[in-house]
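Asker: Before I ask anything, here is the structure I am working with.
The values are calculated or read from the model by the stated rules, or taken from the named source; none is laboratory data. All figures in this text were calculated on a predicted structure; none of them were measured in a lab. Glycine gets a Cβ as well: all are built from the backbone with ideal geometry, and neighbour counts include every protein chain shown. Please note that ligands, DNA and RNA were not included when accessible areas were found on the heavy atoms of the full protein model with its side chains. Shrake-Rupley method; radii C 1.70, N 1.55, O 1.52, S 1.80 Å.
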Amino acid sequence: MSISSQADIEGLQRISDAVALTLKQMREYAKPGMSTKELDEFGGEILRNFGARSAPKLTYGFPGWSCISLNDEIAHGIPSEKRILQEGDLINIDVSAELDGYWSDNGGSFVLGKDIHNHNPLVEASRSILYKAIHQVKGGVKIADIGLLIETEAKKAGFKVIKNLVGHGVGRSLHEAPEEIPCFNDKNNKQRFKKDSVVAIETFISTKATYAHDKGDGWTYITKDGSYVAQHEHTLIITDGKPIILTEANKIWD
């Protein structure tokens, strides 16, 4: 999407606040012993209170209001009464939604309770790398250069990146041009970020795997080698300088 009016900015900010605050409150609500279904229903109610509609449900018929992935699950995890949260779980919540014709997307991984499995270094790497990447994004910058930055920073921290899950354009639908904003240096990608466009920038930082596999349920992506992945995501408006981070209310950097 390309911004053409102040009304566009205001509409994007309303839906971005909705998904950001939903993500923040879901993260705070999560407790050991709770099912991912209960956590999802809590988030769905927050979205409804904002008047927003779940983007994955609206666009793809996803069986949940949000995507909740646990441990070896990377993305698009289906909320379930059978998936019970445990102390030390690596949890990823991805919330995207539509309101008044505008769409926004955000996500974040975190450790539930005590970090008994030592996932926090991975989570912190993902968060800090996203921060560095976003603050290098502006009009004219090569998309591949941001992927290179993410991949290089991950390597410095002792991690790898998932190469078949990517960020994307957003705004008037869930996925728009640019269709792919990878976490690695894709030399075939010659596109540049455009001023006044809206994008969702994501990190997929991995302990070992570089490829996400279909779990077999038609939705969930997992690792197959026992590795773990942390993801963080913000929706932003690209400018000639510092980007406007629309979903900053999710407080994933606090």
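Asker: How much length would be gained if the chain were fully extended between residue 29 and residue 196, taking 0.36 nm per residue of separation minus their Cα-Cα distance, in nm to one decimal? Don't skip to the end; give the middle numbers.
Answerer: Values: separation 167, 0.36 × 167 = 60.12 nm, distance 3.49 nm.
Between residue 29 and residue 196, full extension yields 56.6 nm more.
Asker: Can you give the helix-only mean residue ellipticity at 222 nm for the chain, where every DSSP H stretch with n ≥ 4 adds -39500 (n - 2.57) and the sum goes over all residues, rounded to the nearest 500 deg cm²/dmol?
Answerer: It comes out at -9500 deg cm²/dmol, rounded to the nearest 500.
Asker: Return the single residue from 233, 153, 81 with maximal mean-square fluctuation; model: Gaussian network over the chain, springs between Cα atoms under 10 Å.
Answerer: 81
Asker: Enumerate the calculated ³J(HN,Hα) couplings along region 219-231 in order (Karplus 6.51 cos²θ - 1.76 cosθ + 1.60, θ = phi - 60°), each rounded to whole Hz, writing x wherever the residue is Gly or Pro.
Answerer: My calculation for region 219-231 gives 9, 6, 9, 9, 8, 10, 10, x, 8, 10, 10, 10, 10 Hz in order.
Asker: Just want to confirm a number: the relative contact order over region 77-222, from Cα pairs under 8 angstrom separated by 6+ residues, in percent.
Answerer: On the way: 260 pairs, mean separation 36.5, N = 146.
Averaging sequence separation for qualifying contacts and normalising by length gives 25 percent for region 77-222.
Asker: What dipole magnitude, in Debye to the nearest 20, does the chain give about its Cα centre under +1 on Lys/Arg Cβ and -1 on Asp/Glu Cβ? Walk me through the numbers on the way to the answer.
Answerer: Details: 30 positive and 35 negative charges, 126 e Å.
Computed charge dipole of the chain: roughly 600 debye.
Asker: Okay, next question. What relative contact order, as a whole-number percentage, does region 1-159 give when Cα pairs under 8 Å and 6 or more residues apart are counted? Don't skip to the end; give the middle numbers.
Answerer: Details: 243 pairs, mean separation 34.1, N = 159.
Computed over region 1-159, the figure is 21 percent.
Asker: Quote the relative contact order of region 1-88 in percent (integer), defining contacts as alpha-carbon pairs under 8 Å separated by 6+ residues.
Answerer: Details: 94 pairs, mean separation 26.7, N = 88.
Rounded, it is 30 percent for region 1-88.
Asker: Another question about this same structure. Return the distance in nm (one decimal) between the two label points of a simple spin-label model at residue 86 and residue 5, each offset 7 Å from Cα along Cα→Cβ.
Answerer: Going by the 7 Å Cα→Cβ label model, 5.3 nm.
Asker: Then there is this: Across every pair of different alpha-carbon atoms, what Kirkwood hydrodynamic radius in Å does the chain reach?
Answerer: Details: mean 1/r = 0.0561 Å⁻¹.
Across the chain, the inverse of the average 1/r is 17.8 Å.
Asker: Need one value: the accessible area of residue 34 in square angstrom, 1.4 angstrom probe, rounded to the nearest 10.
Answerer: 20 Å²
Asker: Also, I was wondering about something else. P(r) of region 201-254 in 10 Å steps, Cα pairs, percent per bin?
Answerer: Result returned by the calculation: 20, 35, 28, 16, 1.
Asker: If you don't mind, there's one more thing I want to ask. Could you pull out every residue, at least 5 positions away or on a different chain, whose amide H is within less than 5 Å of the one on residue 34? Hs are placed 1.01 Å off N in the peptide plane, and Pro or chain starts have none.
Answerer: Residues meeting the criterion, in which the H sits 1.01 Å from N, are 85.
Asker: Give the accessible surface of the chain per residue, rounded to a whole number of Å², with probe radius 1.4 Å and ligands, DNA and RNA excluded. Mind showing how you got there, number by number?
Answerer: On the way: 10870 Å² over 254 residues.
Accessible area per residue: 43 Å².
Asker: Counting other Cβ atoms within 10 Å, which GluC sites (Glu not before Pro) in region 82-135 have at most 14 and lie in a DSSP loop? Numbers along the way, then the final one.
Answerer: Working: sites: 87, 98, 124; in loops: 87.
Within region 82-135, the qualifying GluC sites (Glu not before Pro) (loop, at most 14 other Cβ atoms within 10 Å) are 87.
Asker: So what J values fall out for region 192-209 if you push phi through Karplus, 6.51 cos²θ - 1.76 cosθ + 1.60 with θ = phi - 60°, rounded to Hz, Gly and Pro as x?
Answerer: 10, 5, 10, 4, 6, 8, 10, 9, 10, 9, 10, 10, 10, 9, 10, 6, 7, 5
Asker: Moving on. Over region 144-249, consider all pairs of different Cα atoms and compute the Kirkwood hydrodynamic radius from their mean reciprocal separation; express it in Å, one decimal.
Answerer: Details: mean 1/r = 0.0685 Å⁻¹.
The answer is 14.6 Å.
Asker: P(r) for region 48-145, please, calculated from all Cα pair distances in 5 Å bins and given in %.
Answerer: Reading upward from the zero bin: 2, 11, 17, 17, 17, 18, 12, 4, 1, 0.
Asker: If you don't mind, there's one more thing I want to ask. Just the number, please: Stokes-Einstein D of region 56-205 in µm²/s, Kirkwood Rh from C-alpha pairs, 10 °C, 1.306 mPa s.
Answerer: Numbers: Rh = 16.3 Å.
The Stokes-Einstein estimate is 97 µm²/s.
Asker: Compute the orientation-averaged projected area for region 1-49 from the convex hull of its Cα atoms and round it to one decimal in nm². Don't jump to the answer; show the numbers that get you there.
Answerer: Numbers: hull surface 16.3 nm².
Projected area, direction-averaged: 4.1 nm².
Asker: Over the C-alpha atoms of region 1-117, what are the Rg and the largest Cα-to-Cα span, Dmax, in Å?
Answerer: Final numbers for Rg and Dmax: 14.6, 49 Å.
Asker: Sticking with this structure for a sec: Pop out the ³J(HN,Hα) list for region 155-167 in order, Karplus 6.51 cos²θ - 1.76 cosθ + 1.60 with θ = phi - 60°, rounded to Hz; leave Gly and Pro as x.
Answerer: Result, ordered by residue: 4, 4, 8, x, 10, 10, 10, 7, 9, 10, 10, 9, x Hz.
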